[in-house]
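Undergrad: Pasting in a structure now, in structure tokens, and then I'll have a few things to ask.
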Amino acid sequence: MLLATGDQIRKADQVMIEELDFPGVLLMEEAGRKAANFILDTCPDHSRFLVLAGPGNNGGDGFVIARYLMRWGKSVQIILSHAPDRYAGDAGINLKALNGSRILVRIWPEHPGIDDETVLIDALLGTGINSEIRGVILEMVHSFAAHQGPVIAIDMPSGLLADTGKVLSKPLKADYTLTFQLPKICHAVYPAANFCGTTCVADIGIWNSVIGDLGINRHWMDGQEARDILKHHPRPVEGHKGTFGHVALIGGSNQYPGAIALSGHAALHAGAGLSTVIGTEHCRTAIFGMGPEVIFRAVSGERINRTHLDAVLEWTSGCTIGIGPGWSTHPEVKEFFLTFLEKTDRPLVLDADALNLIAFEQCWDLIPPKSVITPHPGEIKRLLRSDQGSDQRLEQAEQLAKDKNLVVVLKGAGTVVASPNKTWVNTSGNSGMGTGGSGDVLTGVITSLLAQGHQPASAAALGVYLHGLAGDLATQKFGAPGLTASRIMEHLGPAMVTIIERQEPQITTI
């Protein structure tokens with residue numbers, strides 16, 4: 001599903017109204033009607049509703065919602081943030097359309113006392129704000145922040161900015177957000193997404209051709225997106241182990257032998273035909289303790305070093321390579337890594353200590369173009385040599401991808417996958433996946449998909465979604481606190497089947 005900015009949706013509205021002569025009041029009517037239906041379906045046992053209406057089109061949507069709810073027998077009241085003469089255009093038309101109705105309209109600060117059985121409908125602000133809220137809107141948000149009943153935001157919770165995951169001022173936290181035509185960045189990117197509750201999308205009738213002309217290159221990575229990627233690489237019935245690619249994972253150490261073992265086995269669970277792990281002898285027990293299927297190539301000594309380069313180049317010939325899990329940043333490892341990069345021109349998957357070495361050495365010019373890097377928030381700070389907060393995840397990932405011509409997988413809630421010209425924000429996964437080894441499994445999954453013929457960006461986006469869905473399936477069985485990396489890995493196959501067979505959308509569109 002496409003992920004829009006506020007400007008892109010406003011442009012679509014403008015084209016519909018000014019260039020195609022589609023009445024704006026009809027778009028508002030469709031938005032309000034669908035929102036009212038959604039509210040009724042979401043809160044079927046509630047009879048009292050309070051609409052907070054700002055002076056723009058978001059407030060106009062609120063007036064249409066109120067009109068439909070009243071017609072369907074509900075008790076509805078409205079609080080205007082400003083005097084009625086501030087409501088112009090289509091919003092003004094729909095405010096006047098309430099004349100003669102039984103809807104009580106008040107002007108802030110007048111407001112009724114409401115109990116927890118009242119559904120609060122936030123129609124104060126839409127996609128147009130680009131700074132902290134202040135004045136009367138801030139007063140209203142603060143006044144209703146403690147409401148314990150259902151809160152439904154129209155388009156977005158008041159206080160969020162459409163185009164970022166940053167939170168400048170504490171919004172009115174919603175249980176549900178109904179947004180129009182396409183989800184916005186704030187609905188997908190954390191921490192802003194924490195305030196949106198469950199996000200649903202209402203198609204208000206903007207022509208597909210208008211949306212197609214907007215040039216949107218950001219996507220909300222859901223099951224349908226994953227299926228679309230898989231359709232381009234069907235698994236042939238006559239395939240064999242050579243058909244599905246050979247993965248080579250380089251890493252592991254005396255302290256962390258399990259990391260590279262997880263990566264090597266995850267590559268097979270994600271569909272690779274062959275998986276080879278290259279590490280020290282200390283990794284052997286961990287690798288074969290998980291099963292006999294992975295090929296193991298042991299290097300001599302305590303750690304990999306430059307003397308092993310020729311052997312490693314031979315072992316990895318024709319393979320798709322992932323590097324870094326469970327490794328170290330010892331000077332001998334660093335020397336091997338930098339020399340190996342000089343000898344490699346195929347895209348790599350780089351994780352963990354490979355990223356730390358890149359951060360220390362800033363050896364960006366040695367990394368093959370379109371390689372995949374998989375940093376967590378701490379690692380991307382080191383890579384960027386920046387103190388930027390985690391509330392700028394989308395911006396960090398996209399800028400690094402463009403500057404270095406790489407695919408950046410910025411891990412965390414709502415993992416961001418950014419290539420130089422396309423971005424996905426992931427929808428699968430849960431907090432139970434914050435466990436040791438989970439990222440090592442992801443490295444194996446992405447390397448596996450790359451080996452199976454997916455382009456680097458698609459392999460990363462599909463891999464992140466598949467990994468998260470495996471975590472969701474494992475959580476259903478074991479619970480989030482009981483989740484382990486091995487259990488995530490064991491559910492990769494079922495997750496792939498779920499992607500292929502699941503029909504219902506994970507992001508509801510009405």
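Undergrad: Need the failing condition index for residue 61 against (1) in a helix (DSSP H, G or I); (2) open to solvent by 30 Å² or more (accessible area, probe 1.4 Å); (3) of a type in the set (D, E, K, R), just the number.
TA: Among (1) in a helix (DSSP H, G or I); (2) open to solvent by 30 Å² or more (accessible area, probe 1.4 Å); (3) of a type in the set (D, E, K, R), the lone unmet condition for residue 61 is (2).
Undergrad: So residue 437 clears everything in (1) closer than 19 Å to residue 165 by Cβ; (2) touching a residue at least 60 places away in the same chain (Cβ under 8 Å) except one condition, right? Which one?
TA: It is condition (1) that residue 437 fails.
Undergrad: Restricting the search to segment 311-327, which residues are open to solvent by 30 Å² or more (accessible area, probe 1.4 Å) and either modelled with pLDDT under 95 or not acidic (Asp, Glu) (or both)?
TA: Answer for segment 311-327, where residues must be open to solvent by 30 Å² or more (accessible area, probe 1.4 Å) and either modelled with pLDDT under 95 or not acidic (Asp, Glu) (or both): 311, 313, 315, 317, 318.
Undergrad: Looking at 287, 295, which one is surrounded by 14 or more Cβ atoms within 10 Å (Cβ to Cβ), touching a helix residue (DSSP H, G or I) at 6+ places or on another chain (Cβ under 8 Å) and not hydroxyl-bearing (Ser, Thr, Tyr)?
TA: Matching residue, one of 287, 295: 287.
Rundown of residues vs (1) within 23 Å of residue 286 (Cβ to Cβ); (2) open to solvent by 10 Å² or more (accessible area, probe 1.4 Å); (3) assigned to a helix (DSSP H, G or I), yes/no style:
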position	(1), (2), (3)
441	yes, no, yes
446	yes, no, yes
460	no, no, yes
467	yes, yes, yes
473	no, yes, yes
476	no, yes, yes
481	no, yes, yes
493	yes, yes, yes
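Undergrad: What pairs can you find where one residue is in segment 350-362 and modelled with pLDDT of 95 or more, the other is surrounded by fewer than 18 Cβ atoms within 10 Å (Cβ to Cβ) and among the basic types (Lys, Arg), and their Cβ atoms are less than 7 Å apart, with a gap of 6+ or different chains?
TA: Pairs that qualify, where the first residue is modelled with pLDDT of 95 or more and the partner is surrounded by fewer than 18 Cβ atoms within 10 Å (Cβ to Cβ) and among the basic types (Lys, Arg), are 356/382; 359/382.
Undergrad: May I pose another question? Among helices (runs of 4 or more DSSP H) lying entirely in segment 310-403, which contain 3 or more residues that are farther than 27 Å from residue 485 by Cα?
TA: Once the helices (runs of 4 or more DSSP H) in segment 310-403 are filtered for at least 3 residues that are farther than 27 Å from residue 485 by Cα, what remains is 331-342.
Undergrad: What is the residue count in segment 130-168 for residues that are open to solvent by 40 Å² or more (accessible area, probe 1.4 Å) and either within 23 Å of residue 202 (Cβ to Cβ) or acidic (Asp, Glu) (or both)?
TA: 3
Undergrad: Another question about this same structure. Taking segment 8-48 as the search range and keeping residues that are assigned to a loop (DSSP other than H, G, I, E, B) and over 29 Å from the mean Cα position of the chain (by Cα), which one is nearest to residue 91 (Cα to Cα)?
TA: Here the answer is 23.
The values are calculated or read from the model by the stated rules, or taken from the named source; none is laboratory data. All values reported here derive from a predicted model rather than from experimental measurement. Cβ atoms come from the backbone with ideal geometry, glycine included; neighbour counts cover every protein chain shown. Note: areas computed on protein heavy atoms with side chains; ligands, DNA, RNA excluded. Shrake-Rupley method; radii C 1.70, N 1.55, O 1.52, S 1.80 Å.
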